[in-house]
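The structure appears right after this line, and notes come after that.
The values are calculated or read from the model by the stated rules, or taken from the named source; none is laboratory data. These figures come from a predicted structure and were not determined experimentally. FYI the Cβ positions are ideal-geometry reconstructions off the backbone, even for glycines, and counts take in every protein chain you see. To get the accessible areas, we keep the full protein, side chains included, count just its heavy atoms, and leave off ligands, DNA and RNA. Shrake-Rupley method; radii C 1.70, N 1.55, O 1.52, S 1.80 Å.
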Amino acid sequence: MFVRTESLSQVPQQHTTVRVHTPIGSAVVLWCGDVHEADGRHLVEWAVDADLHWGRNTRSAAAAEPELRQEGDRVIMCGRLHLTEDGAAYLQMGHWSVLFDLASPIPGSMDDSWVEISAETESVALYPCRT
């Protein structure tokens, strides 16, 4: 997915953070590319280092539309949840998907349903793709 990123002021010895702007919203996430290229437009892959816990960080969404937003130190991602046969899941957010592992069972009735996933900012990362 193509996104626009803007680097944020950094604290020495910490990971680079950026505000990512997408067609469905913006949030602060980790930047896993060259720090000198953090500002600009990039084709990226998303990675979330947080397992899904139904009822804790994953729940039914209030609206049936993709969204990305920031709430304090958490990134909120809304989209259609798809369960896989191998015990994982992916969230379809507009034109891109984010893969997740399951920490607890997700009700089968939630497959292909709109959900909201909340993850700490430090667990959501962008990896720029080289074209």
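The table for this structure:
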{"read-out": "Karplus-derived HN-Hα couplings along region 122-130 (A = 6.51, B = -1.76, C = 1.60, θ = phi - 60°), whole Hz, x at Gly and Pro", "value": "5, 9, 10, 10, 10, 10, x, 9, 8"}
{"read-out": "Where labels lie 7 Å past Cα in the beta-carbon direction, separation of LEU102 and ASP49 in nm", "value": "2.4 nm"}
{"read-out": "Normalised per residue, the volume of the convex hull around the Cα set of region 21-131 (Å³)", "value": "111 Å³"}
{"read-out": "Kirkwood Rh in Å, taken over all unlike Cα pairs in region 33-80", "value": "13.4 Å"}
{"read-out": "Nitroxide proxy distance, nm - points 7 Å out along Cα→Cβ at SER60 and GLU37", "value": "4.4 nm"}
{"read-out": "Separation in nanometres of the label points that stand 7 Å from Cα toward Cβ, at CYS129 and SER7", "value": "2.4 nm"}
{"read-out": "Average accessible surface area per residue within the chain, 1.4 Å rolling probe, Å²", "value": "56 Å²"}
{"read-out": "Heavy-atom accessible surface of region 27-74: percent carbon and sulfur, 1.4 Å", "value": "43 percent"}
{"read-out": "The chain - percent relative contact order, Cα under 8 Å, separation 6 or more", "value": "30 percent"}
